[in-house]
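Input: a single structure, listed below in structure tokens.
The values are calculated or read from the model by the stated rules, or taken from the named source; none is laboratory data. These numbers were taken from a predicted model, which means no experiment stands behind them. Reconstructed Cβ throughout: ideal geometry from the backbone, glycine too, with neighbour counts over all protein chains shown. Ligands, DNA and RNA are excluded from the accessible area calculation, which covers all protein heavy atoms including side chains. Shrake-Rupley method; radii C 1.70, N 1.55, O 1.52, S 1.80 Å.
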Amino acid sequence: MQGNFASALKHVLVHEGGYVNHPKDPGGATNKGVTQRVYDGFRLKSGLAKRSVKEITDAEVSKLYKAQYWDAVNGDELPTGVDYVVFDGAVNSGVSQSVKWLQRSLPGYTGAIDGDLGAGTLGAVADDTDNDALIDRICDRRMSFLKALKTWPTFGKGWSRRVEGVRAVGQAMATGRTVPKTAFVQQGNEKAPVEDAKKSPGKGVADAATGGGIGSGALAGTLGQLQEQLTPYSVAGGWIANVVVSLVIISAVLTLGGLGYRWYANKKRNELSDALDLQTVAK
């Protein structure tokens, strides 16, 4: 909401802390939540020479956050509390990603999940009268996303505490309750972009085992050929018959295992796609 930027920024900056440069943080060198890359772009756009993000001033921080995050998520147009929650998410995971969490959390929104906070999204926000519950849903979507990142084992504890803090502050703002004090959380300030997502499980093993795709000639096809070649000799019994029976059993096990793995891979792929908000079609 208009006039809430300064208050929201104060809470965000507590979470962001000071200068960090963790080797596993995809954002690299960061100070007060501003990465070196973002600061370089800001300085060049302002007609200034590049310099270390360690030297960023408070005035630059405020101007940068207002232009690149608050205005980008239409913070002045969002309800109190919701504005802060979406703003904090944008700083940590990018504007588009945070807007997607908002879009997916709005029961009345029927547009595409595209990360663009336009008239359709703002209309659905205006129609949702329970901002307390909306903030809950946004934070739940954010947590699902964070757990789908490969850096979750390293930064998950910090991110979890940050999101719970954001939830508490946002809901207090939305309902007029006393706003709790925001505390800095170790490793809660590490960047969490969608580019750092886990990889979906591949289907190559399943294709090879079930005779589908490129792998069929290497495994399932070879077993089938051996079985066909040896079957005429199996009528005499002996070890050839045992080999044929073994091939039949192995082929069946591989096929069933491949089908099972394919089901598992598809399930995990869909779960990951949902958590990362990769399905952009309208609800």
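Structure notes:
- Considering the range 84-121, and only residues there that are touching a residue at least 40 places away in the same chain (Cβ under 8 Å) and of a type in the set (D, E, K, R), the residue that is least open to solvent (accessible area, probe 1.4 Å) turns out to be Asp88.
- Filtered by the rule that a residue be over 24 Å from Asp130 (Cβ atoms), among the small types (Gly, Ala, Ser) and surrounded by 24 or more Cβ atoms within 10 Å (Cβ to Cβ), the range 61-83 gives no residues.
- Only one entry in Val179, Val163, Val169 is of a type in the set (A, V, I, L, M), modelled with pLDDT of 95 or more and surrounded by fewer than 21 Cβ atoms within 10 Å (Cβ to Cβ), namely Val179.
- Test set (1) open to solvent by 30 Å² or more (accessible area, probe 1.4 Å); (2) without any contact (Cβ under 8 Å) to a residue 60 or more places away in the chain; (3) farther than 22 Å from Ser160 by Cβ; (4) part of a helix (DSSP H, G or I) - Leu13 fails condition number: (3)
- Of all residues in the range 25-60 being touching a residue at least 40 places away in the same chain (Cβ under 8 Å) and buried (at least 20 other Cβ atoms within 10 Å of the Cβ), the one that is nearest to Leu149 (Cα to Cα): Asp25
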